[in-house]
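Have a look at the structure below before the remarks.
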Amino acid sequence: MSKPIKTPGDSEIIMTEVVFPNDTNPMGIIQGGRIIQLMDIACAICAQTHSSKIAVTASIDKVSFKAPAKLGDILTIKAKITRAFKTSMEIYAEVWTKRLPELKPTLANKAYFTFVALDANARPTAVPPLKPITETEKKQYKEALIRRTSRIE
Ligand SMILES: CC(C)(COP(=O)(O)OP(=O)(O)OC[C@H]1O[C@@H](n2cnc3c(N)ncnc32)[C@H](O)[C@@H]1OP(=O)(O)O)[C@@H](O)C(=O)NCCC(=O)NCCS
């Protein structure tokens, strides 16, 4: 029996968090490392959902902090696979922040993560192929190869 085709939507992750005092600097702005930690967790769940394997972070690139998230802000962390290679997967993550009372979503951060699936001996192991469906997913899929080439260089 052939394996079912996996799409980006099958492993998409959306997490919600609140910025607590422990997450912030003295001005009440979230620390960059905390944001990256939350993105890393969402991307790990995404990679492991796609591959059905333990997956580790191999690299993080194109991180850009667009707007500050502040104490009490509601964070939405989104992670979606853009392309599966042999044992690695590129995951695109975004963090959106909402603040009372308007609750208008603002893009705070975005980045591309590469995860590698591991076997029981912690060696890289093959992951299922990915089939992009939407126009955006197809564009991300195509561009992932270009990003991978410059990443490897
Ligand atoms: C990531 C890791 C498993 C790769 O192991 P490796 O023996 O170097 O594996 P290989 O050279 O065979 O590469 C395996 C895949 O990883 C990819 N890869 C390796 N290093 C990479 C890097 N720095 N960035 C992006 N991809 C990387 C390769 O391109 C390859 O992808 P492919 O199979 O889809 O073509 C290994 O370097 C490792 O364990 N790193 C530490 C991971 C970790 O602890 N992360 C937690 C945060 S520190």
List pairs: first in segment 15-33 and part of a helix (DSSP H, G or I), second among the small types (Gly, Ala, Ser), Cβ under 9 Å, 6+ apart or cross-chain? Pro21/Gly28; Asp23/Ala69
So Phe85 passes all but one of these: (1) farther than 24 Å from Ile146 by Cβ; (2) in contact (Cβ under 8 Å) with a residue 60 or more places away in the chain. Which condition number does it fail? (1)
Determine whether Val127 is crowded, with 19+ Cβ neighbours inside 10 Å, away from the ligand (no atom under 14 Å from the Cβ) and among the aliphatic types (A, V, I, L, M). no
For segment 122-144, give me each residue that is touching a residue at least 40 places away in the same chain (Cβ under 8 Å) and among the acidic types (Asp, Glu). Glu137, Glu143
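What number of residues within segment 101-121 are loosely packed, with under 13 Cβ neighbours inside 10 Å and either in a strand (DSSP E or B) or in contact (Cβ under 8 Å) with a residue 24 or more places away in the chain (or both)? Talk me through it step by step, then tell me what you get.
First pass over segment 101-121, keeping only residues loosely packed, with under 13 Cβ neighbours inside 10 Å: 101-105, 107, 119-121.
Okay, now just the ones that are also either in a strand (DSSP E or B) or in contact (Cβ under 8 Å) with a residue 24 or more places away in the chain (or both), so 103, 105, 107, 119.
Matching residues across segment 101-121 total 4.
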Options Ala69, Ala55; residue that is crowded, with 21+ Cβ neighbours inside 10 Å and either at pLDDT below 95 or over 21 Å from Ala108 (Cβ atoms) (or both): Ala55
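Yes/no per residue for (1) assigned to a strand (DSSP E or B); (2) of a type in the set (A, V, I, L, M, F, W, C); (3) under 25 Å from Ile133 (Cα atoms):
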residue: Asp40; (1), (2), (3): no, no, yes
residue: Ile45; (1), (2), (3): no, yes, yes
residue: His50; (1), (2), (3): no, no, yes
residue: Ala55; (1), (2), (3): yes, yes, yes
residue: Ser59; (1), (2), (3): yes, no, no
residue: Gly72; (1), (2), (3): no, no, no
residue: Leu75; (1), (2), (3): yes, yes, no
residue: Thr82; (1), (2), (3): yes, no, yes
residue: Glu94; (1), (2), (3): yes, no, yes
Residues that are surrounded by fewer than 19 Cβ atoms within 10 Å (Cβ to Cβ) and touching a helix residue (DSSP H, G or I) at 6+ places or on another chain (Cβ under 8 Å), drawn from segment 30-44: Gln31, Arg34
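Residue under question is Thr76, and the condition is that it be within 14 Å of Thr7 (Cα to Cα) and away from the ligand (no atom under 16 Å from the Cβ); does it hold? Reasoning before the result, please.
Details: within 14 Å of Thr7 (Cα to Cα): no; away from the ligand (no atom under 16 Å from the Cβ): yes.
For Thr76, the condition - within 14 Å of Thr7 (Cα to Cα) and away from the ligand (no atom under 16 Å from the Cβ) - is not met.
The values are calculated or read from the model by the stated rules, or taken from the named source; none is laboratory data. The structure presented is a predicted model; accordingly, all values stated were derived computationally and were not measured. Positions of Cβ are backbone-derived with ideal geometry, glycine not excepted, and every protein chain shown enters the neighbour counts.
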